[in-house]
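Only one structure is covered here, and it is reproduced in the block below.
The values are calculated or read from the model by the stated rules, or taken from the named source; none is laboratory data. A quick note: this is a predicted structure, and the numbers were derived from the prediction, not measured. Note that we place each Cβ from the backbone using ideal geometry, even for glycine, and neighbour counts take in every protein chain shown. Please note that ligands, DNA and RNA were not included when accessible areas were found on the heavy atoms of the full protein model with its side chains. Shrake-Rupley method; radii C 1.70, N 1.55, O 1.52, S 1.80 Å.
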Amino acid sequence: MAACVSIGVAPLRGHIHWHAERLGSSRPAWQKRWAAWGGSSPRGSSAASRRASTLALVGAGAGLAAVRRRALPRIDSHLHLWTPDLERYPCETPPPENLNADSRATHENFVKLMDLAGVSQAVAVQPINYGQDYSYLKAAMEAHPARLKGIFLADADLDPAEAAGWVERIAGSHSGWVGIRFNPYKWPQGSEKGMADDTGLAMFQKAGELGLVVGFMPFKGLSQHVTEVEALLRSSPPTRVIIDHWGFFLQPATGSGDDRTVDEESWNQLLRLSSYPQVFVKISALFRVAADSWPYASLSQRLEQLIDTYGSERLLWGSDFPYVSEHTSYSQAAVALEEWPVWKEISESQRVDLLHNSAARLFGLTEEAV
């Protein structure tokens, strides 16, 4: 009986966490602590929510396991931030309305979610919404200097002679910058060299000189861009690189739909890139690369493959907030890996690598916030 109840509690906790996160800081402290554990308020609750609380208590073993999981240190290596305040922070392209109108992607709200999920620090990637205007991400880093760091976007339109100097100027504009993202779709489509043109080479090499990590976003599949990536890798071995979101091996990478299929060539290319010691992989945006729902356990064997080829020290977890909130709560996203079969097989040090140490070492993060 206990086993049956504990199996049913996990999705229930996800439902409760979603509502707890939406309520924010207006609740009494004791209610927020209870919600973070996985329960709902017994006072003033409906019969359904009281039944939910009872089930959560009956499944105390699962609840205590969640508490133990949150004792592991955590860094979120991938998320995006924006605000509905268009007057102060105008957008080139508006973000999705359902992820913006309720202010869920503001830095103020995100830091509250970090606290609920036990995430000490996070690395925010500049969203395409703001283009090359970094005002909002800088404001977020200013507001939470010990907790939030940033990755800016490569400007493919730069003249090659200006590219290296531009990277240095942006990197010097705020102490929180730790990386630069190369989006291949910002380069002219159909060009022979793509990201590895003279502008890309200059930015890539300068990033390495400055200690900035270069992130690649092959949204349509790594296999389409691996030639460009390898050309850049060979041009500057000291430049450390991250392949975002498992190399986007499930296409299309929208996070939903019955038309998604596995791009095994992208997966095989991701494994092959492990031969370059400067390459790291974000085991992030689980909803984009899994056809099943939370906890996305279908990815367990693929994570095992990545650990075998890259080692845990070159793999780092990321949520892809706020997009992940369309699929599960942030708190549940933070513990998804720990529900997978492979989690029981790996060592404690490997677990800490995936959730914290790999990102801390790669981005040079300290633990001032903990």
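Using a 1.4 angstrom probe and counting only protein chains, how large is the accessible area of GLU162 in Å², to 10?
Taking all protein chains as shown, GLU162 has close to 100 Å².
So for the stretch 140-272, Kirkwood radius off the Cα pairs, Stokes-Einstein at 25 °C and 0.890 mPa s: how many µm² s⁻¹?
D = 157 µm²/s.
Around GLU345, with a cut-off of 15 angstrom between Cβ atoms, what is the net charge of the other residues, counting Lys and Arg +1 and Asp and Glu -1?
Neighbour charge sum, excluding GLU345 itself: -3.
With every protein chain in place, what's the accessible area of ARG302 (1.4 Å probe, Å², nearest 10)?
My reading of the accessible area for ARG302 is about 40 Å².
Counting only protein heavy atoms and a 1.4 Å probe, tell me what percentage of the stretch 211-370's accessible area is made up of carbon and sulfur.
49
In bins 10 Å wide, starting from 0, what share of all Cα pairs of the stretch 234-285 does each bin hold, as a percent?
Spelled out bin by bin, the stretch 234-285 gives 24, 47, 23, 7, 0 percent.
At q = 0.11 Å⁻¹, what is the base-10 log of I(q)/I(0) for the stretch 86-206 according to the Debye formula with one equal point scatterer per Cα and no solvent? Please give it to two decimals.
-0.43
With a 1.4 Å probe and all protein chains in place, put SER274, SER284 in order of accessible area, largest first.
Most to least solvent-accessible, the answer reads SER274, SER284.
Considering the Cα trace of the stretch 212-327, what is its radius of gyration and what is Dmax, both in angstroms?
That works out to 13.6, 41 Å for Rg and Dmax.
With a 1.4 Å probe and every protein chain kept in, tell me what percent of the accessible surface of the stretch 72-147 is carbon plus sulfur.
Looking at the stretch 72-147 in its full context, I get 54 percent from C and S.
Hey, what's the Kirkwood Rh for the stretch 104-161 if you take every pair of different alpha carbons, in angstrom?
Computed over the stretch 104-161, the radius equals 12.6 Å.
What lysines could a cross-link reach from LYS206, if we take a straight Cα to Cα line under 28 Å and drop same-chain neighbours fewer than 8 places away?
Within reach: LYS138, LYS149, LYS186, LYS193, LYS220, LYS282.
In whole Å, what are the extents of the stretch 270-327 along the principal axes defined by its C-alpha atoms, from largest to smallest?
So the extents along the principal axes, rounded to whole Å, are 35, 21, 16.
How much of SER298 can a 1.4 Å solvent probe reach, expressed as accessible area in Å² and rounded to 10?
Counting only protein heavy atoms, the figure is 70 Å².
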